[in-house]
Amino acid sequence: MTRRNARVVSLGRRWDGAQELVVEIDPTAADAPPPGPVRALAYPALVGDPRPGDTVLLNTTALDRGLGTGGYALVVAVHPTDGTTAPAPDGTVRGAGHLVKARYTPLQTMVLGVDEQESPHHDLLRDADDLHAMPVVVADLHSALPAIIAGARHAAAEHGRPAPRIAYVMTDGGALPAWFSRTVSGLRDAGWLETCITVGQAFGGDLEAVSIHSGLLAAHLVTGADLTIVAQGPGNLGTGTRWGFSGTTAGEALNATSTLGGHPVASLRISGADPRPRHLGISHHSLTAYGRVALRPADVVVPVLAGAPDAFSTSGQDPRTLDTLVHEQATTLATCPAQHQLVTLDATPALAASLAHTPVGLSTMGRGLAEDPAAFLAAALAGVHAVTLQG
């Protein structure tokens with residue numbers, strides 16, 4: 001861990017659970033970077049609320065190496081100018097709960113699990129074992145979340161139904177704190193997302209659960225979700241190898257959904273703009289997670305992108321050529337061990353238009369809707385299909 005002391009210059013944006021800062025790193029350190037402002041991020045529930053003038057201890061490991069974390073240094077501790085300890089936002093210490101997340105790290109945190117004995121939902125979940133065919137859309141990347149919801153809401157409106165009540169189960173393949181996601185915060189504020197449930201080592205959701213299984217059961221029984229979306233948090237770890245990527249959990253989530261009697265729906269990771277051949281058309285991440293990790297059948301939604309040609313007008317891509325590639329790649333998922341059901345759906349101009357009006361920005365691997373429309377249309381169609389499965 002690379003640690004540096006810094007002084008808080010100013011506060012930036014704030015959203016659920018997170019506070020942006022501008023800091024100046026101590027220039028007297030032997031290996032100090034060139035002077036200048038640095039963006040940092042604090043989770044007040046863990047480290048307290050920083051204020052201008054405070055000294056903060058930063059973890060700059062990923063930032064120094066030019067890796068992810070959204071370009072942030074991360075605050076490990078806050079030392080107020082008056083020498084006291086920075087209080088949590090409400091000045092209290094959480095008393096209930098015995099689930100430890102980010103276990104055995106310096107920032108391990110204790111939370112109240114939705115199904116543990118101190119929870120008001122313990123009796124409801126103690127012997128729970130059935131999702132009663134609740135549709136569960138599984139995606140590899142966090143960036144698919146708003147597009148799936150947009151598709152679900154669009155389909156509901158077209159069928160004259162109210163907008164579905166949607167829960168998001170966030171796995172621990174990417175960011176561990178749900179607070180890191182401005183997407184989750186924005187979707188919740190807009191009323192598009194009912195709740196966020198963090199599972200595994202992930203934490204900071206509206207509800208905390210030990211596993212994908214208990215998280216799905218909480219979504220169904222506690223939240224009353226009409227449909228649930230499972231995906232990792234922001235950030236995706238990959239090594240350019242067949243098995244070395246964090247999205248393998250997408251296949252495990254399909255297995256969990258099927259085991260519990262839910263209706264699993266696989267959202268394909270598709271791109272018409274990624275320069276890496278292994279991610280062009282259907283990403284090898286989807287082909288591996290759904291074709292090799294998933295052992296139970298799911299509905300795999302295969303888009304017909306040529307149905308919304310105007311969506312590709314600024315991308316320079318031919319949707320018909322992309323359709324040919326995608327449909328050829330998808331055939332392997334019908335003959336893999338799980339023998340998935342391929343569900344072919346047409347993208348429509350109306351669906352494409354709905355993606356342009358999401359309450360949060362659409363971005364995947366640094367590309368927006370105009371640059372890579374296929375990525376978001378494919379995810380949206382998974383949401384469309386999930387709504388058709390509702391009773």
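The values are calculated or read from the model by the stated rules, or taken from the named source; none is laboratory data. As the structure is a computational prediction, the values presented were derived from the model and not from experiment. Virtual Cβ from ideal backbone geometry, glycine too; neighbours counted across all protein chains shown.
For the condition of a type in the set (Gly, Ala, Ser), at pLDDT below 95 and within 23 Å of the chain's Cα centre (by Cα), what is the one hit in GLY48, GLY66, GLY83, GLY36?
Within the list GLY48, GLY66, GLY83, GLY36, the selection yields GLY66.
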- [ ] Give me the pairs, please: first residue somewhere in the stretch 338-359 and under 14 Å from ALA375 (Cα atoms), second residue anywhere and of a type in the set (Phe, Trp, Tyr), beta-carbon distance under 9 Å, and either six or more positions apart or on two chains.
- [x] ALA352/PHE376; LEU355/PHE376
- [ ] Hey, can you tell me all the residues within the stretch 356-370 that are over 15 Å from ALA139 (Cβ atoms) and either outside the structural domain of ALA308 (by TED's automatic domain parsing) or not in a loop (DSSP other than H, G, I, E, B) (or both)?
- [x] ARG367
Task: Matching residues, the stretch 4-54, being closer than 19 Å to LEU176 by Cβ and part of a strand (DSSP E or B) - done: TRP15, ALA18, GLN19, GLU20, ALA40, LEU41, ALA42
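Residue-by-condition table, conditions (1) in contact with a helix residue (DSSP H, G or I) (Cβ under 9 Å, 6 or more places away or on another chain); (2) of a type outside the set (A, V, I, L, M); (3) over 19 Å from SER143 (Cβ atoms):
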{"residue": "ALA218", "(1), (2), (3)": "yes, no, yes"}
{"residue": "ALA250", "(1), (2), (3)": "yes, no, no"}
{"residue": "LEU260", "(1), (2), (3)": "yes, no, yes"}
{"residue": "GLY272", "(1), (2), (3)": "yes, yes, no"}
{"residue": "HIS284", "(1), (2), (3)": "yes, yes, no"}
{"residue": "ALA289", "(1), (2), (3)": "yes, no, no"}
{"residue": "ARG296", "(1), (2), (3)": "yes, yes, yes"}
Open item on the list: Return the residues of the stretch 114-144 that are touching a residue at least 60 places away in the same chain (Cβ under 8 Å), out of contact with any Leu (no Cβ under 7 Å at 6 or more places or on another chain) and not in a loop (DSSP other than H, G, I, E, B); say none if nothing qualifies.
Closed with: ALA144
Task: Members of the stretch 267-281 found to be assigned to a loop (DSSP other than H, G, I, E, B) and either in contact with a strand residue (DSSP E or B) (Cβ under 8 Å, 6 or more places away or on another chain) or buried (at least 19 other Cβ atoms within 10 Å of the Cβ) (or both), listed by number - done: LEU268, ARG269, GLY272, ALA273, ASP274, LEU280
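Looking at the stretch 306-334, which of its residues are of a type outside the set (D, E, K, R), in contact with a helix residue (DSSP H, G or I) (Cβ under 7 Å, 6 or more places away or on another chain), more than 14 Å from ALA273 (Cα to Cα) and assigned to a helix (DSSP H, G or I)?
ALA306, PRO309, GLN329, THR332, LEU333
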Open item on the list: With in contact with a His (Cβ under 8 Å, 6 or more places away or on another chain), at pLDDT below 95 and surrounded by fewer than 23 Cβ atoms within 10 Å (Cβ to Cβ) as the only criterion, which of GLY240, GLY235 stands out?
Closed with: GLY235
Open item on the list: Can you pull out every residue in the stretch 168-178 that is outside any loop (DSSP other than H, G, I, E, B) and either more than 11 Å from the chain's Cα centre (by Cα) or not polar (S, T, N, Q) (or both)?
Closed with: TYR168, VAL169, MET170, PRO177, ALA178
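The rows are residues; the columns are (1) at pLDDT below 95; (2) in contact with a Leu (Cβ under 7 Å, 6 or more places away or on another chain); (3) under 19 Å from GLY173 (Cβ atoms).
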| position | (1), (2), (3) |
| --- | --- |
| THR259 | no, no, no |
| PRO277 | yes, no, no |
| ALA289 | no, no, yes |
| ARG296 | no, yes, no |
| ASP299 | no, no, no |
| LEU305 | no, yes, no |
| ALA338 | no, yes, no |
Task: Which listed residue is farther than 17 Å from ILE229 by Cβ and buried (at least 19 other Cβ atoms within 10 Å of the Cβ), from ASP127, ASP115 - done: ASP115
Task: Residue list for the stretch 179-192, filter: closer than 20 Å to ALA150 by Cβ and either under 11 Å from the mean Cα position of the chain (by Cα) or surrounded by 24 or more Cβ atoms within 10 Å (Cβ to Cβ) (or both) - done: SER181, ARG182, THR183, VAL184
Task: HIS327 vs. criteria in contact with a strand residue (DSSP E or B) (Cβ under 8 Å, 6 or more places away or on another chain), surrounded by 14 or more Cβ atoms within 10 Å (Cβ to Cβ), at pLDDT 95 or above and more than 28 Å from ALA163 (Cβ to Cβ) - done: yes
Open item on the list: Tell me yes or no: at least one residue of the stretch 257-272 is over 25 Å from ALA155 (Cβ atoms) and among the charged types (D, E, K, R).
Closed with: no
Task: In the stretch 346-391, the residues that are more than 21 Å from GLN232 (Cβ to Cβ) and β-branched (Val, Ile, Thr) - done: THR348, VAL384, VAL387, THR388
Open item on the list: If the requirement is being assigned to a helix (DSSP H, G or I), among the basic types (Lys, Arg) and touching a residue at least 12 places away in the same chain (Cβ under 8 Å), which of these qualifies: ARG188, ARG161?
Closed with: ARG188
Task: Failed condition for HIS357, given (1) buried (at least 23 other Cβ atoms within 10 Å of the Cβ); (2) within 21 Å of the chain's Cα centre (by Cα); (3) of a type outside the set (D, E, K, R) - done: (1)
Open item on the list: Only one of LEU268, LEU221 is under 19 Å from the mean Cα position of the chain (by Cα), closer than 25 Å to ALA163 by Cα and at pLDDT 95 or above. Can you tell me which?
Closed with: LEU268
